[in-house]
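Nothing in this text is a laboratory measurement; each read-out follows from the coordinates by a stated rule. Because the structure is a prediction, the values reported are computed rather than measured. Don't worry about glycine lacking a Cβ; one is built from the backbone with ideal geometry, like all the others, and counts go over all protein chains shown.
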Amino acid sequence: MTAISSDKQVLHPGMFPDGFENEDHLEDFMSTPSQALIDDMNKIEGDILILGVAGKMGPTLARLAKRAAPDKRIVGVARFSDAAVKQRLESWGIETHVADLLDREQVQGIPKLPNIVYMAGKKFGTAGMESFTWAMNTYVPALVGEAFANSRIVVFSTILVYPSSSIVRQGCTENDPPYAAPGEYANSCVGRERSFEFFSIRNEAPMRGFRLCYSQDMRYGVFHEVATRVFNDRPVDLSAGHVNAIWQGDANSQALRSLLHCTVPMSPINIAGAEVTNIHDLAVSIGRRMGKQPTFVNAEANRICLVNGGVAADLFGYPVVPSERIVTWIADWVSREMPSLGKPTHYDTLDGVY
């Protein structure tokens, strides 16, 4: 397993490792830009602001942006309750700005850059914190929409804004209205999109709603959860028997490239892998690599939340990292008992309570 050492590297399948030595190796690989991203970043006029940069995906997205466009100013904004995240970003040449996005004055004081990737939000632990979830997912977007009237914004959202659909369909498309699945979280995410849509119309500000499926990292994600259950001889729940999944590096790349595809009013785009993943087959495939025989509980539901990622595939091409490669990596990572973020996706939650 050889680490990637040069910021001048360009991501392509020939450089895929057999696995990842450690978290530094993983994050280095995830933040290596493809030629397509480099080309698109050169077309984007102006510098880039990342709001909510300290979350699961933010640090590697910021680093990816800087490596793809080293001459651009990349500014990451968060509360930075973990000072180590701030230090890491700065070591990669990314500027940091400390702000609480729930504070109007602090939002107004953030540098007004022409391009924004909005990653702030609340999902995990929604139960019991419903009002905070709604504040983060609807009030903060209003503050940002008001403060950045002249910026183009890619708004991270979720496929859970869609209702459940039949598993025999190809999944919801961007033309399907966002009548959310049950639960406070999903409905607050519809509110987030509607808040940004309002300011997009009022300010004639170009935006894109980035409806992300399940992003896969070695330390979290659907593949990580299934692999952990298989490795620990725990049954895999088949209630949500199919999921959309995409490598985190590909998702981050498509988020940055979406800055070239913002519209007035804001329009959505589904971000999904090249195929729908069957959870039973995924567990069997991981088990084969681990020398384990998975066990299962519950029957597959007839209706779950799935999306069609055809629009993104048409704009960006297929993801660079295929699902089978992620399966190989995750089986190796979990088998070696490497770090986990301890943040379940709740992909198998069907009642909307997170």
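Farthest towards the positive end of the charge dipole of segment 8-163, among the residues Asn137, Asn150, Asn42, is the Cα of Asn150, using unit charges on the Cβ of Lys, Arg, Asp and Glu. Taking the fewest neighbouring Cβ atoms within 10 Å as the starting point, the ordered list for Cys172, Cys213 is Cys172, Cys213. Among Phe156, Phe148, Phe132, which one shows the highest mean-square fluctuation when the chain is modelled as a Gaussian network with alpha-carbon springs under 10 Å? Highest fluctuation among the options: Phe132.
Sites listed here are chymotrypsin sites (Phe, Trp or Tyr not before Pro) in segment 164-234 whose DSSP assignment is loop and whose Cβ has at most 12 other Cβ atoms within 10 Å: Tyr179. Pairs of lysine residues in the chain that meet both criteria, 8 or more places apart or on different chains and Cα atoms under 22 Å apart, total 20. Ranking Gly291, Leu259, Ile269 by Cα position along the charge dipole of the chain, where only Lys, Arg, Asp and Glu carry charges on their C-beta atoms, puts Leu259 farthest toward the positive end. Listing Lys43, Lys66 from fewest to most neighbouring C-beta atoms within 10 Å gives Lys43, Lys66. With both residues required to sit in the chain, DSSP beta bridges show an antiparallel share near 15%. Please check the chain for the longest run free of GluC sites (Glu not before Pro) that are loop-located per DSSP (anything but H, G, I, E, B) and have at most 11 other Cβ atoms within 10 Å. In the chain, the maximal stretch lacking such sites is 46-203. Placing unit charges on each Cβ (+1 for Lys and Arg, -1 for Asp and Glu) gives segment 144-235 a dipole about its Cα centre, and among Tyr179, Leu212, Gly191 the Cα reaching farthest toward its positive end belongs to Leu212. Sorted fewest first by neighbouring Cβ atoms within 10 angstrom, Ile330, Ile94, Ile201 come out as Ile201, Ile94, Ile330. This structure gives Cα extents along the principal axes in Å, computed directly, and of (1) 61, 48, 38; (2) 63, 54, 42; (3) 55, 45, 38 that value is listed as (3).
If only the Cβ of Lys and Arg carry +1 and only the Cβ of Asp and Glu carry -1, the dipole of the chain around its Cα centre is close to 200 debye.
Note on Asp176 and Phe132: their simple-model spin labels are 3.2 nm apart, each label 7 Å out from Cα toward Cβ.
What separates the Cα centres of segment 236-310 and segment 86-100 is a distance of 31 Å. Each Lys and Arg Cβ is given +1 and each Asp and Glu Cβ -1; about its Cα centre, segment 230-354 then shows a dipole of about 220 debye.
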